[in-house]
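Here the structure is laid out as structure tokens; the discussion comes afterwards.
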Amino acid sequence: MTLDPGRPMSTVPARSEDALTPRGAAAAWLLIAAVCGALQLAPFTRWLELQLLDAQFRALRALQPRPAPVDVALVGIDEATLQAFPEPLALWHRRLAGVLYGLAMARPRAVGVDVELPERSYDFVQPGLDAELLRALVALRAVCPVVIARGVDGAGRVKPVHAPFLAVAGADGLGLATWEFDVDLAVRRFDERQGEADADVPTLTGTLARRLGARPRPGLIDFTLGAPFGYVPAHEVSAWAAADDAKRLQSAFADRVVLVGSVLPFVDRHRIPVQLAGWETSSTVPGVVAHGQALRTLLGPGAIADAPVAATLLLVLAGAGMWFAFAGVGGGVAALAIFAAGAFSLGTWLLQRGVYLPVAGAIATAGLAGTLRVGYESWFNRRQRQRLRAAFAGAVSPNVLDLILRGELDTAVGSGRRRLCVMFGDIRGFTPYSERVAPEEAVRLLNRYFTRVAGAVHRYGGTLDNFRGDGIMCLFGAPQPTADPCHDAFLAARALFAEVEELNRELAAEGAEPVRIGLALAFGESVVGRIGGAERNEYTAIGDVANVSARIEGLAAGLGYPLVATEAVVQALRGRASFDDLGEQPLKGHSPVRVFGWPPRTRARDDAGRAARGGEP
């Protein structure tokens, strides 16, 4: 069969409207980058960024832990404290005063009280409560800076505090115990721009940092600093103070920043990237733990700053470059893995140096660009295969065309040594017939005949090698090996005789001459593949078996059998078909070959006569 000359078997020229030009590739790259750049603002993308950020924090803590630059100690109100202090929290004046007196004895660097003070006086319940707590606050303020937390109600209003307590705390001793939450409701940032129109409001940690000489700036809390926190129960601090145990108090709190607050399981809890409450494994931590990590950050390297937007966009553009890398799927997947690992490593390295570069969006962009390129290539290749199928459908057999479409015809899958059954055939008396009729009529007859030949041969997995005038050459067992090529060829021959009988009925109805054919089968080894040069080539079989089949087909008419076959074919069909042994026959340019005729003459005369006319016995 003739193949498209000088052209790779797996491709055909692409139409200009389908081919991906350099300009089209660049436009696709910019479009993907623009779309993904806009998606950076989408909640899902932001959520994905945050999950990757948490993974970076965890990786840094595992691989390169860093000590805390400032020692933050916690005094926790736990369940044991609730048992030790049986009064309602609103009446804890003396209990809290005992804790504050104990801290004053310890002489810490600063104290943050993350406990909401009473909004009114309770002296009517027990005279002297207010004075006791006020004296403790004054005593502690005389030793170190003190900042009292203020809460916010559900409507965003600051909760009231009894005026004397506010007066003792002073303007520089109050701060809101509030956070700027991310889209997943986790605490990752220190940011005091929480007022109307993003106005700054003093927070507990920000005010404490300023009282200690820092100048806090907005940014990410550094969750790589320090070990997990522990705490000293509040009732123990109060007991040490009552026992005047200054040594124990100073051992626990001297020269440290101390935070006093709840560590209860269901009060004032927040989710942070890593679990820093060393006494539990919950997915959330008490508020004082988040405040403590924020203080470690603000009093140490400072909040982690966001990278410039331009840097993020450049990384997104680089991710969109996966559009080019995925011209081949295998290389594209490797490039995507390298890009993702590189972007994560770069972001982690910058995070450790105080800069947050979002990388999840760029990685997602790379994945999207690669997916789109694979989708485009799949569509483009499908279009190419459709065109190739249309171009070669009438020129090659389906099994050869399938290998062309997969680009495997020139590989070991489609070429090489095969055990073949080769069929040759022609129309008896076609030369004198073509002398009697117009060329157009001869061509019409051949086309009707060859249409039936193709159907019979392809039905049994054969390959039509070529049409030569009124002759045919067919291969069974190529381009890919089959289990029983001789049986396939014999079944195809019988089917072809039946097709010719049907054609003759049509010709008889038209008043035209009937067609008689002769076929020959030979079995043996041959080499199949493309034969020819760059300007013209064809897929065929080269070997003695093809020569033998062609020569014994010329004997069929003289021997009086519609089908002749070599001894190798008959042996392969043993038990499935009967033949007459016609002995050795001389072949022009070849040594004699033993041949057999079908159908055997021992069958009924009418069957043999019908087979000789081209019909199935």
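Take the Cβ-Cβ distance between A34 and Q194 as r, set R0 to 45 Å, and report the resulting FRET efficiency rounded to the nearest 0.05.
Numbers: r = 33 Å, r/R0 = 0.73.
Here the calculated transfer efficiency is 0.85.
Once every DSSP H run of n ≥ 4 in the chain is given -39500 (n - 2.57) and the sum is divided by its residues, what mean residue ellipticity at 222 nm do you get, rounded to the nearest 500 deg cm²/dmol? Walk me through the numbers on the way to the answer.
Working: 21 runs with 281 residues, N = 617.
Value at 222 nm, helices only, nearest 500: -14500 deg cm²/dmol.
Grab the beta carbon distance between H590 and W47, set R0 = 56 Å, and tell me the FRET efficiency rounded to 0.05.
0.10
For the range 218-270, just say rounded, prolate or oblate: build the C-alpha gyration tensor, square-root its eigenvalues into a ≥ b ≥ c, call rounded for a/c under 1.5, and beyond that prolate if a/b exceeds b/c, oblate if not.
Working: a/c = 2.99, a/b = 1.62, b/c = 1.85.
Oblate, since a/c reaches 1.5 and b/c is not below a/b.
If you average the alpha carbon positions of the range 443-499 and of the range 67-139, how far apart do those two centres end up, in angstrom?
100
Cα axis of helix 544-559 to longest principal axis of the chain: angle in degrees, 0 to 90, nearest 10?
So the inclination is approximately 40 degrees.
Compute the accessible area per residue over the chain, keeping the other protein chains in place, probe 1.4 Å, unit Å².
Numbers: 28160 Å² over 617 residues.
Heavy-atom accessible area per residue stands at 46 Å².
Bin width 10 Å, origin at 0, all Cα-Cα pairs of the range 79-221: what percent of pairs per bin?
Spelled out bin by bin, the range 79-221 gives 11, 37, 34, 17, 2 percent.
To the nearest 10 degrees, how steeply does helix 360-392 sit against the main Cα axis of the chain, on a 0 to 90 scale?
Between helix and principal axis, roughly 10 degrees.
Place a point 7 Å from Cα of E506 in the direction of its Cβ. Which residues in the range 436-469 have their backbone N less than 11 Å from it?
So the set is 445-453.
Can you tell me which of 50-61, 479-490, 200-211 comes out highest on packing, and rank the rest after it, using the mean Cβ neighbours within 10 Å?
On the way: 50-61: 18.4, 479-490: 20.2, 200-211: 22.2.
Sorting 50-61, 479-490, 200-211 by mean packing, highest first, produces 200-211, 479-490, 50-61.
Can you give the percent of C-alpha pairs in the chain whose distance is more than 30 Å? Present the calculation step by step, with values, prior to reporting the outcome.
Details: 130503 of 190036 pairs.
Looking at the chain, the distances longer than 30 Å represent 69 percent of pairs.
Please list, by residue number, everything in the range 295-323 whose backbone N is under 17 Å from a paramagnetic label point 7 Å out along Cα→Cβ of L346.
Those under the cut-off are 306-323.
Amide H of Y122 versus every other amide H placed in the peptide plane: which residues, excluding those fewer than 5 positions away on the same chain, fall under 5 Å?
Result for Y122 returns D130.
Could you point to the residue in T224, A498, G469 farthest towards the positive end of the chain's charge dipole, with +1 and -1 charges on the Cβ of Lys/Arg and Asp/Glu respectively?
G469
Between the helical axis of 93-106 and the dominant principal axis of the chain, each derived from Cα atoms, what acute angle in degrees is found, rounded to the nearest 10?
Roughly 90 degrees between the two axes.
Per-residue counts of other Cβ atoms within 10 Å, averaged by peptide: what ranking do you get for 553-562, 144-153, 574-583, highest first? Kindly include the intermediate steps, with their values, before the conclusion.
On the way: 553-562: 18.9, 144-153: 20.6, 574-583: 13.5.
Ranked from most to least packed, the peptides come out as 144-153, 553-562, 574-583.
Need the full-extension length gain, Q83 to T451, defined as separation in residues times 0.36 nm minus the C-alpha distance. One decimal, nm. Please list the in-between numbers first.
Details: separation 368, 0.36 × 368 = 132.48 nm, distance 9.83 nm.
The Q83-T451 span can extend by a further 122.7 nm.
For V309 and Q571 in the same chain, what is the full-extension length gain: residue separation times 0.36 nm, less their Cα-Cα distance, in nm? Show your work: numbers first, answer last.
Numbers: separation 262, 0.36 × 262 = 94.32 nm, distance 8.00 nm.
My answer for the length gained is 86.3 nm.
Keeping the other protein chains in place, figure out the carbon and sulfur percent of the accessible area of the chain, with a 1.4 Å probe.
Values: 15990 of 28160 Å².
About 57 percent, which is the carbon plus sulfur part of the accessible surface.
The values are calculated or read from the model by the stated rules, or taken from the named source; none is laboratory data. Source: prediction; values computed, not measured. Here Cβ is always computed from backbone atoms with ideal geometry, including for glycine, and neighbour counts include all displayed protein chains. Calculation scope for accessible area: heavy atoms of the full protein, side chains included, ligands and nucleic acids excluded. Shrake-Rupley method; radii C 1.70, N 1.55, O 1.52, S 1.80 Å.
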